[in-house]
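Have a look at the structure below before the remarks.
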Amino acid sequence: MYEWIIIGGGVQGMTMASFLLQSKKTEAEKLRVIDPHYKPLENWRNCTEAISMPFLRSPSVHHIEMNPFGLERFSKQQGHHGFYGRFKRPSL
């Protein structure tokens, strides 16, 4: 049985799922995300690809992890430094 069912695997749905898991309010086995697409964020990826969007519009601190600097930390761990401009907009 699921404790949480999230309708939509877009940015808001995945942000909520990420928050619930990172804050330990539930476990992955008790969480279900329902979306008509095959993968989470698939529609978002299709839209950004269609307009050849290389960088996000938001600064690097605005993302789905609870830690505002988590994306920068992850990027460094992966050996990437794909941030653009004064606001450190992340690359896709």
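Candidate values (i) 1.01; (ii) 0.94; (iii) 0.98 were compared with Rg/Rh (Cα atoms, Kirkwood Rh) computed on the shown model; the agreeing label is (i). A Förster distance of 41 Å, applied to the separation of the beta-carbon atoms of PHE87 and ASN46, puts the FRET efficiency at 0.95.
Applying the criteria of a DSSP loop state and at most 14 other Cβ atoms within 10 Å to the chymotrypsin sites (Phe, Trp or Tyr not before Pro) of the range 1-80 yields TYR2, TYR38, PHE69. For the chain, the Cβ-based charge dipole about the Cα centre amounts to some 360 debye (Lys, Arg positive; Asp, Glu negative; other atoms uncharged). For the pair THR15 and LYS76 in one chain, pulling the backbone fully straight at 0.36 nm per residue adds 19.8 nm over the alpha carbon distance. The trypsin sites (Lys or Arg not before Pro) of the range 30-92 meeting both criteria, a DSSP state outside H, G, I, E and B (loop) and at most 14 other C-beta atoms within 10 angstrom of the site's C-beta, are ARG57, ARG86.
The length gained on full extension between GLU29 and MET1, counted as 0.36 nm times the residue separation minus their Cα-Cα distance, comes to 9.2 nm.
Element breakdown for the chain at a 1.4 angstrom probe: carbon and sulfur atoms account for 58% of the accessible area. Using heavy atoms of the protein chains and a probe of 1.4 Å, the accessible area assigned to HIS37 is about 70 Å². Excluding ligands, DNA and RNA, the accessible surface per residue across the chain is 78 Å² with a 1.4 Å probe. Note on exposure: LEU20, LEU71 ranked by accessible area (1.4 Å probe, complete protein assembly) read LEU71, LEU20, with the most exposed listed first.
The values are calculated or read from the model by the stated rules, or taken from the named source; none is laboratory data. Not measured: the values here are computed from a predicted model. Using ideal geometry, Cβ is built from the backbone for each residue, glycine included, and neighbour counts are taken over all protein chains shown. Quick note on the areas: whole protein, heavy atoms, side chains included, nothing else; ligands and nucleic acids left out. Shrake-Rupley method; radii C 1.70, N 1.55, O 1.52, S 1.80 Å.
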